[in-house]
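The values are calculated or read from the model by the stated rules, or taken from the named source; none is laboratory data. Model, not experiment: these values are computed from the prediction. As a convention, Cβ positions derive from the backbone with ideal geometry for all residues, glycine included, and neighbour counts pool all protein chains shown.
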């Protein structure tokens, strides 16, 4: 019997959190999936980290197709000017004749070219969509127009949308009119038990409390710059050490370090840069709290890991933080004073009891349950 083909497509030039989670799902289900289908993966040639990961032995049965795609901004509109990109993707789809395409999007705008090509070829699409935000609400360039274009042209294309929270499902329904039956919620997970604790982590001073700020440096989303600017002006900052784990490939990283130059000299802020997963785990276990002052998120993997490791999480009241964290640990976006008050509180007994309650609710982020659901969702379409 000839096995059908499944084609995975990721147009993003950047390896983000949604790639991390998607690759964890693929790693877990690939042996079972390969029994019933052939798997090909179209990747943006600029996404070096994704390409490198696909070279690892556990992904060796996936046929990888690298394509160079345009870097034009505002892709939901400008993709109609990029016939070259569409031709490259169309050629691979025509060659592979997949049963369906699994589109890894992050947001609906990332991967809109593939959606449009699939529509033109009448190829069914399942999309993995962890971020469902309105562009207008995020204040991006031509946000309202982008929302209209996405609502009218792109959200209608996927046969099924896999997203990561009920909050996302509600946004899809209320903002983009996607009926619930087209949406499958599959929660994230982390494999902290499989990580060997790193041994060369610098010893943390016992004289101060330690806070972790983890993630790709991006003020538009993660808001490290906005937070640290307010934090350095606060009265309590000298009592803490902030551990910044993550970086960026542009000037944002240098601007952030320049802002924090005096605090770096005083050892009140430590920039660790890009680090491995086990290094991140080790930082979390030595910190008193993880800080997530983001403007928007999906369901952050680092949040799940922190709670699983017994570390309190203080986050802005948006998206996954709003849905899964207790209100006592969340603050309204830009309400820095409330955030600092939460950090400063010393109700250890209350926080301990609250942490136990939160850890119980975080059992939804179960690897076996969620990978089984991901696999069955893909198998339904074969």
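Reported count of residues in the stretch 253-300, each being in contact (Cβ under 8 Å) with a residue 40 or more places away in the chain and at positive phi, is 1.
The set of residues in the stretch 94-106 being surrounded by fewer than 22 Cβ atoms within 10 Å (Cβ to Cβ), at pLDDT 95 or above and outside any strand (DSSP E or B) consists of 94, 95, 96, 97, 99.
Residue 84 fulfils the conditions (1) over 29 Å from residue 381 (Cα atoms); (2) part of a loop (DSSP other than H, G, I, E, B) except for a single criterion, (2). Selection over the stretch 127-156 of residues that are in contact with a helix residue (DSSP H, G or I) (Cβ under 6 Å, 6 or more places away or on another chain), modelled with pLDDT of 95 or more and buried (at least 19 other Cβ atoms within 10 Å of the Cβ) gives a count of 9.
Determine, yes or no, whether residue 64 is surrounded by fewer than 21 Cβ atoms within 10 Å (Cβ to Cβ) and over 26 Å from residue 142 (Cβ atoms). Yes; evaluated as a whole, the condition is true for this residue. Looking at (1) out of contact with any helix residue (DSSP H, G or I) (no Cβ under 7 Å at 6 or more places or on another chain); (2) on the phi > 0 side of the Ramachandran plot, which is the one condition that is false for residue 98? For residue 98, the failing item is (2).
For (1) closer than 29 Å to residue 146 by Cβ; (2) touching a strand residue (DSSP E or B) at 6+ places or on another chain (Cβ under 8 Å); (3) assigned by TED's automatic domain parsing to the domain that holds residue 374, each residue gets a yes or a no:
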residue	(1), (2), (3)
10	yes, yes, yes
17	yes, no, yes
22	yes, yes, yes
31	no, no, yes
43	yes, yes, yes
82	yes, no, yes
89	yes, yes, yes
109	yes, no, yes
115	yes, yes, yes
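Taken as a whole, the condition of being surrounded by 15 or more Cβ atoms within 10 Å (Cβ to Cβ) and in the same structural domain as residue 101 (by TED's automatic domain parsing) applies to residue 374. With respect to the stated conditions, residue 352 fails to be assigned by TED's automatic domain parsing to the domain that holds residue 308, within 24 Å of residue 213 (Cα to Cα) and touching a strand residue (DSSP E or B) at 6+ places or on another chain (Cβ under 7 Å). Whether a residue is over 18 Å from residue 283 (Cβ atoms) and either in contact with a strand residue (DSSP E or B) (Cβ under 7 Å, 6 or more places away or on another chain) or without any contact (Cβ under 8 Å) to a residue 40 or more places away in the chain (or both) was assessed, and residue 209 does not pass this test.
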